[in-house]
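Structure record follows, encoded as structure tokens.
Values quoted throughout were computed directly from the atomic coordinates according to the rules given, and no laboratory measurement underlies them. Note that the coordinates shown come from a computational prediction; the quantities given were computed from them, not determined experimentally. Here Cβ is always computed from backbone atoms with ideal geometry, including for glycine, and neighbour counts include all displayed protein chains.
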Amino acid sequence: VAVLRRRVPEVRAVVEAAGGFFARGGSVDWSAVLAGGRRVELPTYAFERERYWLDAPAGVGDVTAVGLGATGHPLLGAVVELAGSDRMVFSGRVSLASQGWLADHAVYGTVVVPGAALVELVLRAGDEVGCGRLEELTLQAPLVVPQVGAVRLQVSVGEADAEGRRAVGIHSRPHDPAGVGTGEWTAHADGVLVEADVDVVPVACVEVWPPQGAGVVGVGDFYEVLAGRGFDYGPVFRGLRRVWRRGDEVFAEVALPEEVADAADAFGLHPALLDAALHAMSIASAEEGSGTPVPFAWSGVSLHAVGARALRVRIAPDGRGGVTVDLFDEAGLPVASVESLILREVSPEQLAVRDDADSLFGVEWVSAVGGGSVEADSWAVLGAGGGLLAEGGRVFADVDALVASADELPGVVVLECVPVEGGSVPDVVRGQLAGVLGVV
């Protein structure tokens, strides 16, 4: 639970941290936090641990009616082929209202689209253009999902070069209710797609399962340990079931929870299932008390089968500072493979880019442009005058006295605004403004 957060007042951050700690089962002495407070009974219905609201998922409608191609993908709803080339752009809209399962993937209190989902998006786009192998994909910036609102998502696939390789990139920017984007596009990943090599035979699963000579690693409170490090995964992303280790090799079994298992067919490989497979790598770091790295660079990713709901996992060092990942179904048949995956640590600062994104207002200092000097033959001062009275000027009690006594209005009128003692600041400001507007 983060206590110090950039651009968040300390008192608010500490109180929110106490509330988050309490909501996760921690003990908080609220009598010390809220001195003089008393306990009251909560209303029953809204706070019961059952949900009765009917889900009404927001569909994308018939995108073909506006000249786009439909993909049938949960995150990429439409595709368009750019005229005069074989470039293609896949687009979608991501929000917690439409893809509520993403809320179960929070890092340092921020909902982030997992790197496994970005890989799945690129594989889906590659399949559309006949490039079924992801040669490389490097993640540049986290794709943060706001608590309120949505982000526009684009996966762009470039033209094929002489060797059939295509550049691919993932970008996003905030989405407003009018259906258009606002602000700059953020680059989240870039890579290269190539045609799948049909001559390559996928790695076969180990003949005996569980693997011979592998020791059991207890999963136990693994996800609670991750939560203590800022990785707060909800039920959808808690798919790790069993783990074994044999030297530097890690084996695991993962499965999709029932609430999202039916959605497996909509993806090539459900992001929550692939993400859970990678959690097995964190078991070692959890045992050693080290940090929890996240995927950074993927190489040689191939999808051999679609619609998996459970996986057997083998992870081993690749000899280059990364790991290889091989995924199989429950019968031992290949599902997906990753030749090399490099991990990196992520910091709260990298996810703090949207701390102030929930407000339409900002505070900026705008320098006023000076009006230059003012020359006038006559002056008038409304009010006490004092040092404001210029040579040749006259003092009037108020604007009515000025208008009544002057044959011709002076070139410059100075209104003296003296702060009124007493009263609240908003009332004083409002009264002064009303007085000035009345004179004008």
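Structure above, values below:
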read-out	value
Cα-centre dipole for the range 223-277 with unit charges at Cβ (Lys and Arg positive, Asp and Glu negative), debye to 20	300
Relative packing of peptides 125-134, 427-436, 256-265 - highest average C-beta neighbours within 10 Å first	125-134, 256-265, 427-436
Which of Ile283, Ile170, Ile315, Ile342 has the fewest Cβ neighbours within 10 Å, and the rest in rising order	Ile342, Ile283, Ile315, Ile170
Computed FRET value (nearest 0.05) for Gln432 with Ala13, which takes r as the C-beta separation and R₀ as 35 Å	0.50
